[in-house]
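Since every read-out is calculated from the coordinates, none of them should be taken as a lab result. Remember, it's a predicted structure, so these values are computed and weren't measured experimentally. Counting neighbours? That spans all protein chains shown, and the Cβs are built from the backbone with ideal geometry, glycine included.
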Amino acid sequence: MSRPWHEPSKEQRLEVDERTALTEIYWFQNDLRLQDNPGLLQHAGSKKLLLVYFWPESRPWCNITGMGSQRRRFLLESLAALRKDLAGLGQDLLVLSGRPQLELPRLARETGASRVGTSLSPGYYERRTREQVAATLRVPLQVYGGNTLFRADQLPFNAEKMPVQFTPFKNKLQGITPTEPAAAPSELPPPPPGLVFPALEAPPCKPHIAFAVQGGSSAGHRRLRQWIFGEQAILQYKHTRNGLDGLDGSSSLSPWLALGSLSAREVAAQVKSFEAEVTANESTQWLLYELLWREFFHWRAMRDDINLFRVGGEPGRVRRCTFEPRNFARWCQGDTNFPLVNALMHQLVGTGWMSNRGRQIAASCLVNEFGIEWRYGAAFFEKHLLDYDVASNYGNWQYLAGVGADPRGGRHFNIAKQTEQYDPSQRFINKWDGLRPLQPEFVTDAADWPLP
């Protein structure tokens, strides 16, 4: 990888010395926005500021690697939109494909940075990366609050001792008001001189016509305002949220929330404004309820750490399952004997989106009908979902598999009943080519597993 920093000439060394202790670095992660970004605001008063983002590292996991074309497209659009917003303040974003543990210490040395900042992201690998960066930096790494409704110091419990199920978590937060979202900085210090900011690669595809959303804060705010105030679709949200097509009933705000192009506090503030200016009903409250679910999975992931990726969740818990590669391949390709599941999987790969109800149905099929370990499905969703975030994705899969926060020990959906309820005319199935010739089910035995 080429170095983005030109070595200073002899005449420039005085400038390098002058930068010492005056330059700071802010490391963007899942906070790709200017507004309501507390970490970025903490660095807005420096003399020089280098803004950097590291492309997500592709780790082979559960037979899955890489990033789906729609998820990659949405991330690239979000980075391009952030660069455009930064350009209006005389700034830019350095996007690198290297590892933060290696690149941040080098950038700090070459810029003479006095400190590095970033936002808090849940996840075991995210924590390990922060710790490794802090250990290799010669300057402080300051970690600020993440994209949550509540700050850590607002919680009435330590993160390690939080309630392990949603209802007691929700009850303990009653009466606590989220912090008001902060405005975007009106100005930012310029980047250090001598940097080269490489152009982003072109997106690998266009948005699918069935879910034509684009990345970036401006697009997220348009959707937020239009859905709440323009269409006032929030007034029917509780009754339409289980619809299978993304833009018909759901708010569809999760892709922007996942990358931090929207903050959770901004969404909550818009709902509260609508309730004050227009009206409140059970549907407006239900969107706030869904934001609390997102909040729960965030703090639960902080508590669970590596247990979020264990097949049984907490140590000592065991879930009987297996891995039959042919059934897993059929599930991924949407080639099962369940037309609704096929349609949902085709929708996911084609658009990068699947409704919450659809995710539950597809996950139940993999876990309960095929008996396959839930982590394989979670890894496939991770590859393709526009709104992938580690806490919500793996937390929801654990919940359905009965090794997470579900007090009932998992969910088994009757797919025929779900089809009758949510797609009785098979419009969705036909739209997404869900009908397939029936095939025999494969059963794993000692001769079949493992396969190369």
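In debye to the nearest 20, how big a dipole does the chain give about its Cα centre with +1 on each Lys and Arg Cβ and -1 on each Asp and Glu Cβ?
Details: 52 positive and 47 negative charges, 76 e Å.
Using only the charged Cβ atoms, the result is roughly 360 debye.
Between the DSSP loop rule and a limit of at most 12 other Cβ atoms within 10 Å, which trypsin sites (Lys or Arg not before Pro) in segment 342-416 are left?
Working: sites: Arg357, Arg359, Arg375, Lys383, Arg408, Arg411; in loops: Arg408, Arg411.
Qualifying residues, ordered by number: Arg408.
Could you pull out the trypsin sites (Lys or Arg not before Pro) across segment 118-192 that fall in loop regions by DSSP (anything but H, G, I, E, B) with no more than 16 other Cβ atoms inside 10 Å? Let's see the in-between values first.
Details: sites: Arg127, Arg128, Arg130, Arg138, Arg151, Lys161, Lys170, Lys172; in loops: Arg138, Arg151.
Passing sites in segment 118-192 are Arg138, Arg151.
Can you give me the long-range amide H partners of Arg115? Hydrogens built in the peptide plane at 1.01 Å from N, cutoff under 5 Å, separation of 5 or more residues or another chain.
Distant-sequence amide H within range of Arg115: Ile25.
Report the one residue of Cys205, Ala268, Ser392 whose Cα lies farthest in the direction of the positive end of the charge dipole of the chain (charges on C-beta: Lys and Arg +1, Asp and Glu -1; origin at the Cα centre).
Towards the positive end, the residue furthest out is Ser392.
Taking θ = phi - 60°, what integer Hz values does the Karplus form 6.51 cos²θ - 1.76 cosθ + 1.60 yield along segment 228-244, in sequence order, with x for Gly and Pro?
Each residue of segment 228-244 in turn: 7, 8, x, 7, 6, 5, 4, 5, 10, 4, 4, 8, 10, 5, 8, x, 7 Hz.
With n ≥ 4 as the cut-off for DSSP H runs, can you work out [θ] at 222 nm for the chain, using -39500 (n - 2.57) per run divided by the number of residues, rounded to the nearest 500?
The helix contribution divided over the chain gives -12500 deg cm²/dmol.
In nm, to one decimal, how far is the Val143 label point from the Ser218 one, both placed 7 Å along Cα→Cβ?
Distance between the two pseudo-spin positions: 3.4 nm.
Modelling each spin label as a point 7 Å along the Cα-to-Cβ direction, I'd like the Arg109/Lys84 distance in nm, to one decimal.
3.8 nm
Show the residues, 5+ positions off or on another chain, whose built amide H is closer than 5 Å to the amide H of Trp432.
Those lying under 5 Å, H to H, from Trp432: there are none.
Antiparallel DSSP bridges in the chain: what percent, to the nearest 5? Can you show the working numbers first?
Details: 2 of 21 bridges.
Antiparallel: roughly 10 percent of the beta bridges in the chain.
Taking the mean number of other Cβ atoms within 10 Å as a proxy for protection, how do you rank 324-332, 423-431 from highest to lowest? Don't skip to the answer; put the middle values down first.
On the way: 324-332: 19.2, 423-431: 14.6.
Most protected by this proxy first, the peptides run 324-332, 423-431.
Under a crude label model (7 Å from the Cα following the beta-carbon direction), how far is Trp61 from Leu102 in nanometres?
In this crude spin-label approximation the distance works out to 2.1 nm.
Treating the angle as unsigned and between 0 and 90°, give the value, to the nearest 10°, between the Cα long axis of helix 264-277 and the longest Cα principal axis of the chain.
With both axes taken from Cα atoms, the answer is about 70 degrees.
Only one of the listed values, (1) 86, 58, 36; (2) 59, 58, 46; (3) 75, 60, 44, was derived from the coordinates as Cα extents along the principal axes in Å; which label is it?
Evaluating Cα extents along the principal axes in Å on these atoms matches (3).
Work out from phi, with θ = phi - 60° and the Karplus expression 6.51 cos²θ - 1.76 cosθ + 1.60, the ³J(HN,Hα) of each residue of segment 365-381, listed in order in whole Hz, and give x for Gly and Pro.
4, 5, 6, 9, 7, 9, x, 8, 4, 4, 5, 5, x, 4, 5, 5, 4
Step through the residues of segment 344-361 one at a time and calculate ³J(HN,Hα) from phi using the Karplus curve (6.51 cos²θ - 1.76 cosθ + 1.60, θ = phi - 60°), rounding each to whole Hz and writing x for Gly and Pro.
Each residue of segment 344-361 in turn: 5, 5, 5, 4, 4, 5, x, 10, x, 9, 8, 5, 4, 4, x, 5, 5, 5 Hz.
Using alpha-carbon pairs under 8 Å, 6+ residues apart, how would you state the relative contact order of the chain in percent?
Once normalised by length, the contact order is 19 percent.
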